[in-house]
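The values are calculated or read from the model by the stated rules, or taken from the named source; none is laboratory data. Predicted, not measured: the structure shown is a model, and the values here were computed from it. Here the Cβ positions follow ideal geometry from the backbone for every residue, glycine too, while neighbour counts run over all protein chains shown. Please note that ligands, DNA and RNA were not included when accessible areas were found on the heavy atoms of the full protein model with its side chains. Shrake-Rupley method; radii C 1.70, N 1.55, O 1.52, S 1.80 Å.
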Amino acid sequence: MSARLGKPFTIAAVIGVLVAALATMPSAGAETSRWPGYQTIWTGKLPDISGNRMRIVVDRQGQATAAWEASSADGGRSLWTARRASTGTWIASEQVATFPTGPASFDLALDDSGTAALAWRDTTGESRIRATVRDRSGGWAPPVDLGSGSEPRFAQAEGGESVLVWETSESLVVRRLDPVTGNWTAFPSLALSPLSSEVSVTGDPDSGRGLVASWREGYTSGGTVRVARLGANGWATLGESSLVEGSTWARVGVDPTGRIIAGGERAYNTGEAGTLVTVGPDGVDNVLFELPGNDTTIVDMSPTGEIVAAWHEDRTVYTAEYVAGRWSSPRRAHSATLGSTSVYGMRIHSLTDGRWLVSWHQSSDSSAEEGTWTSLRGVDGTWREEYAGSTCFVADAVAAAPRGSLDIIGGCTDSVVGRRLDVEGPTARMLGSTLLPTYAPSVFATGLDHVGGVGAASFEFASRSVSWSGGPWTGWSSIGSDTVHTDGISGIWHSSEKPGRTYCTRVRAVDSGGNVGEWSSNQTCYSAAIDDRQMRRSRGWREGRHDYWQHTFLTTSRKGATLRLPGVHARRFALLADATPGGGRVEVWFGGRLLKRVTLRSSTSSNEYRNVLLGVLPTARTATLVIRIVSKGKPVRIDGIHATPL
């Protein structure tokens with residue numbers, strides 16, 4: 001730490017020197033996860049706790065819509081929905097449809113305009129597809145009959161529109177929802193054979209109408225997986241591959257390069273094989289792969305073509321990702337080996353924001369381990385487990401909010417419950433810094449959590465630096481942390497600054513649940529002045545001592561005396577000097593260019609410590625810096641000079 005401040009000065013006098021316009025740069029972050037308490041959304045009888053009986057979607061404002069199938073006393077079924085406000089409170093549930101028999105397949109969607117759509121198979125008499133629409137301002141519209149069929153499901157086309165597809169005995173029917181009118185527009189149907197099943201549809205950014213589909217064709221003892229794309233001229237088959245015997249699964253996705261990936265597998269025994277079909281610029285490739293794990297393995301594919309598997313073995317839940325034609329090494333989905341437990345009800349969820357969630361229920365002799373657990377894979381690829389609580393609650397449906405949380409619903413036999421999972425740390429930003437020539441400068445930050453709008457609990461600071469002579473910046477290194485004070489502001493002192501270096505500081509925030517946010521997009525930067533003793537002096541200079549920067553200064557009254565420093569790489573400059581009664585004048589030159597002429601005469605009868613801005617060049621360059629005395633017989637006291645490339 002530098003010596004104590006010996007003379008008064010004002011923060012305002014020094015903030016504007018070099019700090020006012022220094023740089024901002026993007027940076028990366030990390031994340032963790034925390035559960036808040038769950039809420040009971042609805043009380044009544046559920047047919048089972050299968051994930052096929054629940055759906056949830058979340059809009060850009062963080063408002064959630066959930067739908068589930070319930071049982072009635074007479075053996076029939078009904079379809080219910082509920083809404084959760086962005087504040088986190090679930091609003092009263094609403095019955096949308098009833099059926100004399102069941103189960104009735106259904107799906108729920110939300111487009112980019114905030115319009116929700118619910119479609120289901122009505123089992124009253126002939127199997128019919130019905131749908132209803134709800135905009136932001138009201139309830140559900142009266143349902144419309146879209147035709148005969150089964151297995152309705154939604155996909156989001158390019159442009160954020162909701163597209164509904166369902167199967168008939170001979171085709172895949174496609175309808176697009178107009179969010180303005182609430183009408184359903186017919187798209188060309190995809191012809192299917194009577195032996196087609198397990199149809200999967202997703203959005204396709206390279207397609208004129210934004211859809212690709214895969215399906216299995218043939219008997220369960222093998223068959224073929226096929227891939228097709230809906231373009232401006234209708235559906236076109238792109239590729240196919242024979243499935244291994246017993247394949248029971250089919251998915252389709254489009255990776256970030258535009259390559260279509262479709263697949264089928266059987267997750268019965270370790271070593272059993274599955275099939276992938278990839279369609280890209282180089283044509284069609286068929287890949288045979290073996291499944292990891294054991295007979296508990298479950299597999300899913302994201303809309304972007306990422307494949308993840310999960311299984312449990314020896315009281316441990318594992319995951320693996322299929323990348324570049326091979327499975328990654330198994331990763332533990334939780335930090336500690338489970339106790340004397342029985343794991344069941346394991347599910348895997350691909351989230352729209354690139355995260356994955358694995359959930360499982362476990363019974364145990366220990367109440368601390370009993371209940372539902374989840375493991376979230378963040379954008380950094382790390383799995384982190386959390387206890388969801390409730391011996392009955394299972395994560396049946398999951399939706400990612402635009403920022404900061406996941407919404408998860410599940411149920412027992414007599415209720416539907418919901419939780420919000422806080423998965424992101426607060427947003428943090430630097431507030432500024434003070435350029436103190438004798439103290440190490442302090443930097444300040446503030447932050448806001450995405451979930452609940454609460455402030456951060458603490459801040460972590462990191463710094464990097466570069467020399468006055470140029471060269472590469474150092475890497476980021478931690479300079480400490482600080483808890484948040486009552487005004488929501490946090491700060492830290494730099495205590496190891498070196499003369500002549502420029503320092504930039506960034507911050508990230510941590511909330512009360514331990515979630516770590518991303519590093520701030522802005523930085524606070526300051527210059528530690530080049531010390532007077534680092535400069536080459538001409539004749540006539542002598543050293544003095546004071547309580548300011550590095551404790552020394554150089555003084556002279558000789559006209560023409562100079563201080564030189566070759567090889568300076570900078571664009572912004574400021575002079576540290578003592579103004580004295582009757583003080584003289586200096587000129588500061590850089591590369592043969594006059595930066596400024598400065599009078600160092602105090603306005604009072606005592607000395608005044610000054611930090612004088614000399615100028616800012618369009619770009620940083622390397623040249624010799626010269627301080628020249630232009631007065632005669634008047635004292636000049638030089639403490640140092642700031643030179644920064646920012």
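Sorted on the mean count of surrounding Cβ atoms within 10 Å across their residues, most packed first, peptides 55-67, 75-87, 593-605 read 55-67, 75-87, 593-605. For the set Asp255, Asp414, the ranking by accessible area, highest first and with no ligand, DNA or RNA atoms included, is Asp414, Asp255 under a 1.4 Å probe. Among the GluC sites (Glu not before Pro) within the range 82-180, those in coil by DSSP and having at most 16 neighbouring Cβ atoms inside 10 Å are Glu126, Glu158, Glu170. Length gained on full extension, Arg542 to Thr599, computed as 0.36 nm times the residue gap minus the Cα-Cα distance: 18.5 nm.
Listed cross-link partners Lys498/Lys632; Lys498/Lys559; Lys559/Lys596 are compared with a 27 Å cut-off, the Cα-Cα value being larger for Lys498/Lys632; Lys498/Lys559. Accessible surface area normalised per residue over the range 66-121 is 36 Å², counting heavy atoms of protein chains with a 1.4 Å rolling probe.
For the range 66-201, carbon and sulfur atoms together expose 49% of the accessible surface, with a 1.4 angstrom probe and every protein chain in place. Taking the 1.4 Å solvent-accessible surface of the range 547-646 as the whole, the part contributed by carbon and sulfur is 48%.
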